[in-house]
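First comes the structure, then the notes that go with it.
Since every read-out is calculated from the coordinates, none of them should be taken as a lab result. This structure is a prediction, so every number in the text was calculated from the model and none was measured. Here the Cβ is made from the backbone with ideal geometry for all residues, glycine too, and neighbour counts use every protein chain on show.
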Amino acid sequence: MMLSAKAITVKYSDRVVLDELSVDLEAGEQCAVVGRSGSGKTTLLLVLAGLLKPASGTVERQVRRDEVVYVPQAPSLVPELTAMQNAALGLRIRGVPPDVADATARQRLRALGLDDADDALPAELSGGMQQRVALARALAIGPRLLLADEPTGTLDQATGAHTMDVLQEYAVVTDAAIVVATHDPGVAARFPRQLTMTATHRELV
């Protein structure tokens, strides 16, 4: 078992966002978290990533903290760095030699269809391109658990489908687990496992 979350409860003020939710993830598993805005999708990803402590419940991970990568819905790129520098940043922070980091980042950018964006600053990129740079940065690190919040939310249908192809192929090739939060039924349908969340009901299928 790569990750096991048991009876997770999260409250914001007096509002219960997650109510004793439990979910297990195996290596290589692909799961979509589906629901409307406010249903707790992002909150769940933050808990699974270890970035938010629940009010109650437990999360056990059989992966190191640096093997878990969370990609937020807002791209969160460093504005002063180019697309290439942003994509290589995680590796550089981990002490990977610059030439190796850049080569890996370039490969991930190309895989996501960003062939001519290496020297562009985030302000020069569309929202969808920024999101793909953030995903390239995440994949470059080589996570064993990838948590992506609405990774296709700013993409057109064709680009979104290609992006999902890349993420799911990564999971297959590396045996990584991926969890994608989405409100798009088409994206959710690609996943063999779905966690459907509403304000009153959460069901794992």
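What percent antiparallel are the DSSP beta bridges of region 96-205, to the nearest 5? Of those bridges, close to 40 percent are antiparallel. The angle between the Cα long axis of helix 127-141 and the main principal axis of the chain comes to about 90°, on a 0 to 90 degree scale. Close amide H pairs (under 5 Å, H built 1.01 Å from N) link residue 3 with 25, 62, residues at least 5 positions away or on another chain. Name the aspartates and glutamates eligible as straight-distance cross-link partners of residue 53: C-alpha to C-alpha under 16 Å, and not fewer than 8 places from it in the same chain. Partners found: 19, 20.
Each of 152, 50, 164 was scored by the projection of its Cα onto the charge dipole of the chain, and the greatest displacement toward the positive side belongs to 50; charges sit on the C-beta of Lys, Arg, Asp and Glu. Taking amide H as placed 1.01 Å from N in the peptide plane, residue 73 has its amide H under 5 Å from the amide H of 149, each at least 5 places away in sequence or on another chain. Close amide-amide hydrogen proximity is noted between residue 35 and 182, 197, each under 5 Å apart and 5 or more residues distant or on a separate chain (H modeled in the peptide plane; Pro and chain starts excluded). Residue by residue, region 173-186 carries 3J(HN,Hα) couplings of 5, 9, 6, 7, 8, 10, 10, 10, 8, 8, 9, 8, x, x Hz when phi is fed to the Karplus relation 6.51 cos²θ - 1.76 cosθ + 1.60 (θ = phi - 60°); x denotes Gly or Pro. Under the criterion of Cα pairs below 8 Å and six or more residues apart, the relative contact order for the chain equals 30 percent. The distance from the alpha carbon centre of region 66-109 to that of region 125-200 is 17 Å, rounded to a whole number. The magnitude of the dipole of region 79-141, with charges of +1 and -1 set on the Cβ of Lys/Arg and Asp/Glu and taken from the Cα centre, is near 360 debye.
Shown for 144, 190, 15: other C-beta atoms within 10 Å of each C-beta, ranked fewest to most, produce the order 15, 190, 144. How are the alpha carbon pair distances in the chain distributed across 10 Å bins from zero to the largest one, expressed in percent? Here the calculated profile for the chain is 9, 36, 35, 17, 3, 0. Each of 149, 115 was scored by other Cβ atoms within 10 Å of its Cβ. Arranged with the fewest first, they read 115, 149. In plain terms, the C-alpha convex hull of region 79-141 casts an average shadow of 3.6 nm² when viewed from every direction.
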